[in-house]
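The values are calculated or read from the model by the stated rules, or taken from the named source; none is laboratory data. Bear in mind that the values here come from a model prediction, so they are computed numbers and not experimental data. Cβ placement follows ideal geometry from the backbone for every residue including glycine, while neighbour counts extend to all protein chains displayed.
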Amino acid sequence: MKNMKTVFLERKPETASSEKFGVGQAQKVRNFHRSLPGYEPTRLVELKSLAALLGVRSIEVKDESSRFGLNAFKGLGGSYAVARELGRRLNLKDSELNFNYLSSNKVKERLKGQTLITATDGNHGRGVAWTAQQLGLNCVVLMPKGSAEERLDNIRRLGAQASITDLTYDETVRSAAETAHQNEWILMQDTDWEGYRLIPCEIMQGYTTMALEAAEQMEDRPTHIFLQAGVGAMSGALTGFFADLYGDDLDAPRIIIVEPQAADCIFRTAAADDGELYAVPGELDTIMAGLACGTPCQTGWDQIRAHADCCIAIPESSAADGMRILGNPLAGDPAVISGESGAAGFGCLTDILRQPDLAELKDKLDLDSSSRILCFSTEGATYEKGYRDIVWDGKQFPD
């Protein structure tokens with residue numbers, strides 16, 4: 001029996017405007033991303049055979065494994081936020097915020113010795129390191145204890161000074177912030193706190209490029225959108241985008257936020273619904289490393305609270321189910337290589353549709369033969385051994 005914790009929300013659009021993550025902003029962001037080397041829209045795949053088997057009209061998955069060669073979507077946020085911050089420091093015009101200008105010798109000379117620093121579970125740090133490499137900047141990346149050496153090596157290969165600390169994720173974030181302050185480095189963190197809002201917001205805005213691409217690639221508007229959450233930056237940004245695109249009325253797609261039970265800070269905050277943020281203390285023991293975050297991002301949570309419909313905390317087995325189904329498709333459906341965090345939303349969806357003990361939740365979400373569902377596979381196999389353990393060797397996890 002699948003053990004899923006669920007809380008339903010009543011949208012409160014008056015509490016947070018979606019405009020800063022909406023279509024107009026996303027178009028500006030994508031214009032910047034189009035200037036980056038290697039930019040091209042990632043594919044949106046339709047799983048027709050799976051949809052027929054599970055009794056819904058359509059299931060579509062945005063596959064981010066090819067984004068900038070980084071095997072994950074995170075480069076979208078880091079690159080855009082770095083460009084905006086450099087623009088402020090160099091007093092550049094918006095028209096100058098493109099890769100060709102920022103990577104010119106003239107700008108590189110002005111930025112000589114500048115250092116970016118961030119804390120990461122892997123994908124965000126890899127995106128920041130890639131951006132630093134493209135622009136000739138120094139980069140320092142701190143990772144929490146338990147991080148995979150493979151992810152560390154991927155970051156180091158991009159020229160960053162990276163290390164695994166003996167700290168939890170939230171402690172590593174605080175360490176990065178303190179180090180940035182002491183050395184006058186640029187902190188590029190994808191979560192926020194009082195006094196540090198602008199850069200995280202711009203990282204979130206960077207993620208809207210993949211939402212804009214998906215909206216343009218879909219033939220029909222979705223009825224349901226599943227978004228996985230760590231601190232809630234990506235899920236908050238995309239919640240805001242789709243609320244701006246489709247509105248908040250009864251005909252708008254239902255937005256479902258998914259996170260691991262071992263790191264369910266968004267679920268706890270939603271369950272309390274008292275205006276406070278609720279953190280998950282201690283070590284966060286989950287295979288979903290990219291979602292192993294203990295404290296919500298305030299800006300992300302504001303968008304989720306205003307425009308999302310449901311928060312679900314899933315067991316480890318749901319992410320594993322999603323990885324296996326995507327990687328081993330039915331006849332006629334394309335394969336998607338998705339990592340533990342990338343498959344979380346999709347795994348939650350397919351478990352709800354397949355498991356008899358989740359029939360009540362399926363009904364409450366109005367998942368039926370008319371449902372058109374959109375999921376985002378936000379990473380490929382960023383930890384290849386872990387991927388093989390689960391998909392090849394059938395590693396099991398409790399429900």
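Can you give me the ranges of the helices (runs of 4 or more DSSP H) entirely in region 17-120 with at least 3 residues that are not aromatic (Phe, Trp, Tyr)?
On the way: elements: 23-33, 48-54, 75-90, 99-102, 105-110.
The helices (runs of 4 or more DSSP H) meeting that bar are 23-33, 48-54, 75-90, 105-110.
Annotation note: of LYS20, LYS62, LYS28, the sole residue that is touching a helix residue (DSSP H, G or I) at 6+ places or on another chain (Cβ under 9 Å), modelled with pLDDT of 95 or more and crowded, with 21+ Cβ neighbours inside 10 Å is LYS62. Pairs linking a residue in region 201-219 that is under 11 Å from ARG30 (Cβ atoms) and at pLDDT 95 or above to a residue that is of a type in the set (Ser, Thr, Tyr) and buried (at least 19 other Cβ atoms within 10 Å of the Cβ), with Cβ atoms under 6 Å and 6 or more positions apart or on different chains, are GLY206/TYR80.
Per-residue answers, yes or no, for (1) out of contact with any Ser or Thr (no Cβ under 9 Å at 6 or more places or on another chain); (2) modelled with pLDDT of 95 or more; (3) crowded, with 19+ Cβ neighbours inside 10 Å; (4) outside the structural domain of ALA16 (by TED's automatic domain parsing):
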{"site": "ASP273", "(1), (2), (3), (4)": "yes, yes, no, no"}
{"site": "PRO281", "(1), (2), (3), (4)": "no, no, no, no"}
{"site": "MET288", "(1), (2), (3), (4)": "no, yes, yes, no"}
{"site": "ASP309", "(1), (2), (3), (4)": "yes, yes, yes, no"}
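Screening region 209-256 for residues that are closer than 21 Å to TRP193 by Cα and among the β-branched types (Val, Ile, Thr) and picking the one that is surrounded by the most Cβ atoms within 10 Å (Cβ to Cβ) gives VAL231. The set of residues in region 256-293 being in a helix (DSSP H, G or I) and free of Cβ contacts under 8 Å to residues at least 12 places away in the same chain consists of ALA272 alone.
Within region 294-325, can you find the residues that are in contact (Cβ under 8 Å) with a residue 40 or more places away in the chain and closer than 15 Å to GLY339 by Cα?
The initial filter retains those residues of region 294-325 that are in contact (Cβ under 8 Å) with a residue 40 or more places away in the chain, namely 294-320, 323-325.
The answer is GLU316, SER317, SER318, ALA319, ALA320, MET323, ARG324, ILE325.
Considering region 101-141, and only residues there that are on the phi > 0 side of the Ramachandran plot and more than 21 Å from the chain's Cα centre (by Cα), the residue that is modelled with the highest pLDDT turns out to be GLY136. Residues in region 330-370 that are charged (D, E, K, R), touching a helix residue (DSSP H, G or I) at 6+ places or on another chain (Cβ under 6 Å), in a helix (DSSP H, G or I) and more than 20 Å from ALA252 (Cβ to Cβ): 1 in all.
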